[in-house]
Each structure stands twice: as C-alpha cells, then as structure tokens.
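Colleague: Before I ask anything, here is the structure I am working with.
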Amino acid sequence: MNLRPLIARLEAAGIPDAARDMRKLFDWAYAKGAASGDPQDRDQPNALTRQHLEAAVAERVLRKPVSQIIGTRSFWRHDFHVTPDVLDPRPDTETLIDQALGETFQRVLDLGTGSGCIVISLLAERIQAQGVAVDLSEKALAVARGNARDIGVADRLTLLQSDWFSNVTGRFDLIVSNPPYIATSEMPDLAPEVRDHEPHMALTDGGDGLGCYRSIAAKAPDHLTRGGRLLVEIGLTQGQAVTALFQAAGLRDVQVIQDLNGHDRVVAARSDR
C-alpha cells in the first residue's frame with residue numbers, strides 16, 4: 001500500500017516524524033484487519049485495515065497522540081495500556097528506572113503512578129519486591145490496575161487513591177515519582193499532543209512547577225527506611241531547586257542525574273533517619 005499520501009497529510013498537519021508515526025499506525029491497523037479473516041498483505045491490506053488506518057490518520061491529524069490511538073505505549077521492557085486519563089510513558093523516564101535498579105529494594109512506593117509504568121517495571125525486574133502505588137485519579141488507578149494484571153505483578157502491588165502521602169502508611173526503602181512539574185506559565189507552549197490530550201492534573205501543579213516536590217520533600221523522610229532512597233523525575237531546569245528542597249528536608253547524598261541526552265532528568269537522595 002502506498003502510504004505517501006497519508007504521510008503527506010500528517011506532515012501538512014505539522015506532525016514531527018510523520019513517517020515513523022505512519023509505520024506505527026499501519027502496523028496497528030494491519031493487526032486489526034487480520035481479525036476480519038479476510039486475506040491481506042502489506043501491499044494490499046483488506047478493507048478493515050484500510051478503515052482503521054483512515055480513522056487513525058484522521059485522529060492523528062488532530063494531534064491525538066499515537067499511543068492514545070492505538071492504546072499502548074512501549075516502556076522499558078513492556079507495552080503499557082494508555083488512555084487520556086494517564087500520561088504517555090516517555091523514554092526519558094527510563095533514566096529513573098535505571099537508577100532505581102542500581103541498588104536492591106524490597107518495598108517501593110510510587111507517588112502519582114498514572115499508568116503504573118514506573119512501579120510495574122520495577123516490580124517486574126525485582127520479583128521478590130512488593131509495591132504500593134498511589135494516584136489522586138481513580139481513572140488512572142484503573143489503568144494501572146489493568147497494566148499490573150497484564151504484566152503479571154498485580155499480586156505484589158497495592159493501589160491506593162491518595163493525595164501524595166495522605167493514605168500511605170509504613171516505610172519504604174525506595175520511593176519514586178514522576179510528579180506534575182510543568183509551571184502554569186509553560187503550559188501554552190507544550191506540544192498539542194500533550195497540552196490538549198493528556199490530563200492537566202498530571203502535567204502541572206497549577207503554580208511554579210515545584211509544588212509537588214515541596215509536598216514530597218516534606219513527607220518522604222517519614223516514609224523512608226534509614227538509608228532508603230528517593231528518586232524523582234524533574235524538568236530540565238529544576239535540578240538546583242529540587243536539590244535545595246531535598247537538602248532542606250534533611251535528605252543526604254542529593255545528586256542530579258542526567259539522561260542519555262545529557263539533560264538533568266532525575267534527582268536522587270537518601271534518608272538519614
């Protein structure tokens with residue numbers, strides 16, 4: 001099938017790397033078309049494939065994220081179900097996963113879990129570990145619950161509706177979070193895929209972008225074991241500010257970790273209590 005006209009439609013809509021997106025949409029539509037039982041090949045897809053592909057392109061032209069169109073996003077070693085109720089898992093967040101797996105842990109807490117991609121990836125790698133994940137959104141927790149079931153860690157993961165630590169009890173040797181860190185003033189400049197299609201409560205704190213880190217810093221020491229680690233994802237310019245917040249909270253060994261592109265991406269700290 002000649003995909004050039006469809007790619008041109010995406011390019012005209014301002015889609016970056018339209019050819020890459022078209023490959024993903026075509027593969028998804030082709031798999032859907034197979035369900036009809038009608039014969040097809042990639043040069044001559046059947047009617048159902050063409051129908052799904054046309055609908056997908058129409059949605060992508062409106063800047064709906066590919067992951068929301070096809071319903072999944074690859075992250076770390078698994079495919080995660082995503083909906084408009086959760087953030088699209090991003091490759092940058094794998095920096096946090098890599099750092100978390102650098103030491104052993106038995107109990108992990110994920111604050112603002114969304115799709116569950118962070119805690120589920122960690123539990124899948126550490127089969128003896130137990131996890132707790134919280135989110136303020138019940139719809140997000142439903143997505144995380146399904147992902148935990150599909151990836152096989154549901155028996156080791158407790159999901160709670162909670163405003164950060166409000167419903168959390170006990171201590172953990174690892175706390176992780178990718179909190180809302182976009183300042184209100186930055187929201188208009190986001191890509192349409194993010195600004196118009198992802199949940200704003202998962203993107204911004206409604207203020208300067210540091211509010212969630214203040215909440216985490218205030219309570220994390222009460223929920224970390226002695227020597228336990230805190231790892232949070234940050235925006236590109238927030239390393240110094242988040243470092244100061246964690247140090248003021250009495251956390252030690254605070255450091256900023258860069259991603260593969262050389263950007264500040266994670267702040268790590270350790271409990272001294």
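Every read-out reported here was derived from the displayed coordinates using simple, explicitly stated rules and does not represent laboratory data. Here the structure is a predicted model, which means the values were calculated and not measured. Heads up, the Cβs are rebuilt from the backbone with ideal geometry, glycines too, and the neighbour counts pull from every protein chain shown.
Colleague: Note the listed values (i) 65, 41, 31; (ii) 54, 48, 43; (iii) 81, 46, 35, then indicate which one is Cα extents along the principal axes in Å calculated from this particular structure.
Modeller: Here Cα extents along the principal axes in Å agrees with entry (i).
Colleague: To check you understand DSSP bridge types, tell me what percent of the beta bridges within region 83-270 (both residues inside) are antiparallel, rounded to 5.
Modeller: If I count the DSSP bridges inside region 83-270, around 35 percent turn out antiparallel.
Colleague: Ok, one more. Just from its helices, what would the mean residue ellipticity at 222 nm be for the chain, if runs of 4 or more DSSP H residues each count -39500 (n - 2.57) and the sum is divided by every residue, rounded to the nearest 500 deg cm²/dmol?
Modeller: -11000 deg cm²/dmol
Colleague: Sticking with this structure for a sec: At a Förster radius of 25 Å, what calculated FRET efficiency corresponds to the Cβ-Cβ distance of Gln240 and Lys219, to the nearest 0.05?
Modeller: 0.70
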